[in-house]
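Working notes, structure below.
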Amino acid sequence: MPSQTAQRIFDSLERFRIEIPSWGFANTGTRFGKFLQPAAASTIEEKFSDAGQVHALTGVCPTIALHVLWDFEDGYGGVPHVAELAARYGVRPGSINPNLFQDQIYKHGSFGNPDPAIREEALRHSETSIAIARGLHSRDISFWFTDGSNYPGTANIRARKRLFEECLRATHARLAPDQRMLIEYKPFEPAFYHTDIADWGMALLLARGAGPQAKVLVDTGHHYASQNIEQIVAWLLAENMLGGFHFNDRRYADDDLTLGSIDPYQVFRIFHEILFFEWEEGRRADIAYMIDQSHNLKGKIEAMIQTVVMAQDLFAKAALVDYEQLRAAQKSCDLVRAESLLQDAFATDVRPAVREWRASKGLPQDPLEAFRQSGYLERISLERAARNMASAGSYA
Ligand code: RM4
Ligand code: MN
Ligand code: MN
């Protein structure tokens, strides 16, 4: 491989970090049930331990996203324990994800709920989440709302929009100057008729209205089939409103499949838009790259390593696009040349250089193989099996 290409790959890997979600290590399922895995993590300590493995083997996952409620049973009281686990397992707390959907009170919504007492409760939870983030030196609080309705006429869509604007502004006012709030959108599920924050335009308007520290979070699974996600990314970048990603792949809906398992070229195109923007602007985009996946059939740690490796490969490929030539080809409307520049970069086998980079960092060249050899999975399977297999496999 010409050394210039290898150098570009190395440079791209030096800067690429991706956050893994605590919930990706836990038993999860579908609406129809859970398939229990003997090695799944069920405590916050086990999640940190598993995340620590992924980071130790890949070197690029220094932070773990945490879900309030699932990871902080005692709310703010859990902060010292989590800080201690972070030190012990070598991964820092990353984004803090409030949970405004699970409690019974949220049946008709949280920030969009017509009942002021429930909105108050939701605001209190958001405040706690911000305090947890501050206590753990986490910058980002990622909000995902399930708010919406299932049947026409049952909700006042405009009134709920106003309520969201108010509550998001109130939440923004609680942020410390160095914190950000990320607003995630999703077209449907669990609401099936209307969702209050259904797409990137709604998230963008609400983030703008909330205040300067609010940005949009793009979950790649949260789009209608065949939607052009990289265009959304390009627009959000141009508006300085892209805060971060939840990466996953999908075939039909919000499937939370392994990144790049269905359409790696799309992930490449997303990375390309970001790197092209950075080259043109001469500055880094401040983006939190995060994974939001749940593997109910694959081994969880293996799938997470597979995801991270795929993300690195695709990011490195995107870094190989020749921007000078691309700009010239776009200007002169040389369509085939312009398109080929992307295709050539995508077709480059970056894996040998990525392996070399890992070796240069003292990391295993093949993190998945290293994990399989490590004996970690066998050990935790023995330790956790009895508890896991005794837990509920059904949601009924
Ligand atoms: C949602 C959304 C959120 C995630 C939950 C578990 O579909 O993607 O980001 O926290 O799932
Ligand atoms: Mn998500
Ligand atoms: Mn999702």
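Observations
- Selection status of Gln293, within 16 Å of ligand 3 (Cβ to nearest atom), over 22 Å from Arg15 (Cβ atoms), polar (S, T, N, Q) and buried (at least 18 other Cβ atoms within 10 Å of the Cβ): yes
So that you can scan it fast, the table gives a plain yes or no per residue for (1) within 19 Å of the chain's Cα centre (by Cα); (2) within 16 Å of ligand 3 (Cβ to nearest atom); (3) of a type outside the set (S, T, N, Q):
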| site | (1), (2), (3) |
| --- | --- |
| Glu121 | no, no, yes |
| Thr128 | no, no, no |
| Gly135 | no, no, yes |
| Asn150 | no, no, no |
| Ala155 | no, no, yes |
| Phe164 | no, no, yes |
| Ala173 | no, no, yes |
| Pro187 | yes, yes, yes |
| Arg208 | no, no, yes |
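- The one condition in (1) outside any loop (DSSP other than H, G, I, E, B); (2) over 13 Å from Thr146 (Cα atoms); (3) within 16 Å of ligand 1 (Cβ to nearest atom) that Tyr224 fails to fulfil: (1)
- Among the residues making up region 47-89, those that are of a type outside the set (Gly, Ala, Ser), over 20 Å from the mean Cα position of the chain (by Cα) and farther than 28 Å from Glu14 by Cα are Glu73, Asp74, Tyr76, Val79, Pro80, His81.
- Only one of the numbered conditions (1) within 16 Å of ligand 2 (Cβ to nearest atom); (2) buried (at least 19 other Cβ atoms within 10 Å of the Cβ); (3) more than 22 Å from Arg139 (Cβ to Cβ) is not met by Asp254, and that is (2).
- Of the residues in region 176-185, none is within 14 Å of ligand 2 (Cβ to nearest atom), over 22 Å from Arg124 (Cα atoms), crowded, with 20+ Cβ neighbours inside 10 Å and not hydrophobic (A, V, I, L, M, F, W, C).
- Any hit, region 53-71, residues being free of Cβ contacts under 8 Å to residues at least 40 places away in the same chain, farther than 27 Å from Leu314 by Cα and not β-branched (Val, Ile, Thr): yes
- Some residue of region 115-122 being in contact with a Cys (Cβ under 8 Å, 6 or more places away or on another chain) and either at pLDDT 95 or above or not hydrophobic (A, V, I, L, M, F, W, C) (or both): yes
- Filter pass, Asp255 being under 14 Å from the mean Cα position of the chain (by Cα), modelled with pLDDT under 95 and within 16 Å of ligand 1 (Cβ to nearest atom): yes
- Looking only at region 9-51, and only at residues there that are assigned to a strand (DSSP E or B) and touching a strand residue (DSSP E or B) at 6+ places or on another chain (Cβ under 7 Å), the one that is farthest from Asp71 (Cα to Cα): Glu19
- The residues of region 76-105 that are surrounded by 20 or more Cβ atoms within 10 Å (Cβ to Cβ) and within 26 Å of Ala191 (Cα to Cα), listed by number, are Ser95, Ile96, Asn97, Pro98, Leu100.
- If you check Ala311, Ala392 for being loosely packed, with under 13 Cβ neighbours inside 10 Å, touching a residue at least 24 places away in the same chain (Cβ under 8 Å) and of a type in the set (A, V, I, L, M, F, W, C), only one passes: Ala392.
- Of the residues making up region 165-221, those that are within 16 Å of ligand 1 (Cβ to nearest atom), in a loop (DSSP other than H, G, I, E, B) and closer than 22 Å to Pro152 by Cα are Tyr185, Lys186, Pro187, Phe188, Glu189, Pro190, Ala191, Phe192, Asp196, Ile197, Ala198, Asp199.
The values are calculated or read from the model by the stated rules, or taken from the named source; none is laboratory data. Just so it is clear, the model here is predicted, and its values are computed rather than measured. Please note: Cβ atoms are built from the backbone with ideal geometry, for glycine as well, and neighbour counts cover all protein chains shown.
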